[in-house]
1. Looking at the stretch 41-60, which of its residues are among the basic types (K, R), over 14 Å from K102 (Cα atoms) and surrounded by 12 or more Cβ atoms within 10 Å (Cβ to Cβ)?
2. Can you run down the residue pairs with Cβ atoms below 7 Å, 6 or more apart or on separate chains, where the first is in the stretch 44-64 and in a loop (DSSP other than H, G, I, E, B) and the partner is among the polar types (S, T, N, Q)?
3. Can you name the condition, by its number, that R21 falls short on among (1) part of a loop (DSSP other than H, G, I, E, B); (2) touching a residue at least 60 places away in the same chain (Cβ under 8 Å); (3) of a type outside the set (A, V, I, L, M)?
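Please treat every number below as a calculation from the coordinates, not as lab data. Just so it is clear, the model here is predicted, and its values are computed rather than measured. No Cβ is skipped: glycine too gets one built from the backbone with ideal geometry, and neighbour counts run over all protein chains shown.
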Amino acid sequence: MIAVIETGGKQYKVKEQDTLRIEKIQGEKGEQVTFQNVLLISDEQGKDIKLGTPFVVGAKVDGIIVQTARSKKIDVIKFKSKVRYRRKIGHRQYFTEVRIQKIHAA
């Protein structure tokens, strides 16, 4: 089974046993999470497709939290020429890594 879920304002194509990094969600390592916002469900060959308007009624995707961490640091640099203006700050985004356990079709 293949599903497209929505979480954190983004859409992800997932299969069972996939591991994906999503925006940080509440929960601890090893905790069960359920995604109710399922946009599409299909079989592996793409023959049997259920498309939601906007979500598939009764469908859900179960997962388990693998870890919650921060990604690599990115540098944000501001510079204006001829006025001696320079700023450098860093940012590390929080993420949650989730392993998909089961996809439940309606």
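1. Once the filter is applied, which keeps residues that are among the basic types (K, R), over 14 Å from K102 (Cα atoms) and surrounded by 12 or more Cβ atoms within 10 Å (Cβ to Cβ), the stretch 41-60 yields only K50.
2. D48/S42; F55/N37
3. With (1) part of a loop (DSSP other than H, G, I, E, B); (2) touching a residue at least 60 places away in the same chain (Cβ under 8 Å); (3) of a type outside the set (A, V, I, L, M) applied to R21, the lone miss is (1).
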